[in-house]
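Notes follow once the structure below has been shown.
The values are calculated or read from the model by the stated rules, or taken from the named source; none is laboratory data. All of these numbers come straight from a predicted model, not from anything done at the bench. Cβ coordinates were reconstructed from backbone atoms using ideal geometry, including for glycine residues, and neighbour counts include every protein chain displayed. The area values use the complete protein model at the heavy-atom level, side chains included, leaving out ligands, DNA and RNA. Shrake-Rupley method; radii C 1.70, N 1.55, O 1.52, S 1.80 Å.
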Amino acid sequence: MRLLEAVAAHEDGAPAKQLAREAGLALPTAYHLLRTLTHEGYLRREQGVFVFGPAAEKLTSSGAQQNRRSKIGDVLAHWRDAIGVPVYFAVYREGEVEVVDIADKPGSPAVEEWADFRQTAHAHAIGQCLLSQLDEDSQRDHLSRYPVQSITPYSVRDGVALIRRLGRTGRMQPVVEQQEYALGTVCAAVPITVGTTAATLAISLPLHQRGRLLPAVRELQSDVGRKLATLAFSISI
């Protein structure tokens, strides 16, 4: 790792002796490690100097991805603690519902995913909010792949009724569902405009606390603008 750090300090690369000196390694040890790193694709040798190889580029890409996930996690944790509810962030990507991250805690747990969120978008606030941002053809395409089915006695009964409900959803208005995905739970989701990608922030509460749902989601909405840049950044994950 010290050798890689030394390479990173030289935009145009550096020779083995210089890297060994900067990394604080004996020259034979540095030669051995440089050969290994080159063989594994982390470095490549060009005209007597060592520069990063394709494997190192993948490593830095993975690190950037982890950093983006960490940032969105921090934002959700802020809302979880400030509002006192579990907070979810999800996007609709390539025809699929994708829950990017969830922030909850022992005294306020997230809803258990007992039925795959991707296949049950019609039954939970996250999915309904994402679908409401699509055009009707895209909605029908999704439902052709994941047909409406009764998850609980409160779930919407068929695709026609769902599309009708989605059509009545006001622009930028929260979507609320009560016990449609999980008995004893109420949820609300707000649409997020992030370029052309459908996205949503959602919260959940036990049924006996449903009176807190709308005030909590309005509090979330009021603060979204200040965190939108981080949410938009996370879309590239």
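For the stretch 101-123, filtered to residues that are small (Gly, Ala, Ser) and more than 20 Å from Gln179 (Cβ to Cβ), the residue that is least open to solvent (accessible area, probe 1.4 Å) is Ala103.
Report yes if Gln173 is assigned to a loop (DSSP other than H, G, I, E, B), closer than 25 Å to Pro215 by Cβ and either free of Cβ contacts under 8 Å to residues at least 40 places away in the same chain or touching a Ser or Thr at 6+ places or on another chain (Cβ under 9 Å) (or both), otherwise no.
On the way: assigned to a loop (DSSP other than H, G, I, E, B): yes; closer than 25 Å to Pro215 by Cβ: yes; either free of Cβ contacts under 8 Å to residues at least 40 places away in the same chain or touching a Ser or Thr at 6+ places or on another chain (Cβ under 9 Å) (or both): yes.
Considered against the rule, which asks whether it is assigned to a loop (DSSP other than H, G, I, E, B), closer than 25 Å to Pro215 by Cβ and either free of Cβ contacts under 8 Å to residues at least 40 places away in the same chain or touching a Ser or Thr at 6+ places or on another chain (Cβ under 9 Å) (or both), Gln173 comes out as yes.
Among the residues of the stretch 40-55, those that are within 17 Å of Met1 (Cβ to Cβ) and open to solvent by 60 Å² or more (accessible area, probe 1.4 Å) comprise Glu40, Tyr42, Phe52. Checking each residue in the stretch 148-166 for being charged (D, E, K, R) and outside any helix (DSSP H, G or I) picks out Arg157, Asp158.
Of everything in the stretch 1-25 that is at pLDDT 90 or above and open to solvent by 60 Å² or more (accessible area, probe 1.4 Å), the residue that is nearest to Val49 (Cα to Cα) is Lys17.
Considered as a group, the residues in the stretch 75-100 that are touching a residue at least 60 places away in the same chain (Cβ under 8 Å), out of contact with any Phe, Trp or Tyr (no Cβ under 8 Å at 6 or more places or on another chain) and more than 24 Å from Pro215 (Cβ to Cβ) include one that is surrounded by the fewest Cβ atoms within 10 Å (Cβ to Cβ), and that residue is Arg93. Among the residues of the stretch 164-202, those identified as out of contact with any strand residue (DSSP E or B) (no Cβ under 6 Å at 6 or more places or on another chain), at pLDDT 95 or above, surrounded by 13 or more Cβ atoms within 10 Å (Cβ to Cβ) and not hydroxyl-bearing (Ser, Thr, Tyr) are Gln179, Glu180, Ala182.
Taking each residue of the stretch 115-137 that is farther than 13 Å from Glu98 by Cβ and of a type in the set (D, E, K, R) and looking for partners that are assigned to a helix (DSSP H, G or I) and open to solvent by less than 40 Å² (accessible area, probe 1.4 Å) with beta-carbon atoms closer than 7 Å, six or more apart or interchain, yields Glu136/Ile163. Please enumerate the residues belonging to the stretch 109-147 that are touching a helix residue (DSSP H, G or I) at 6+ places or on another chain (Cβ under 8 Å), more than 21 Å from Pro174 (Cα to Cα) and not in a helix (DSSP H, G or I). Within the stretch 109-147, Ala115, Tyr146, Pro147 qualify.
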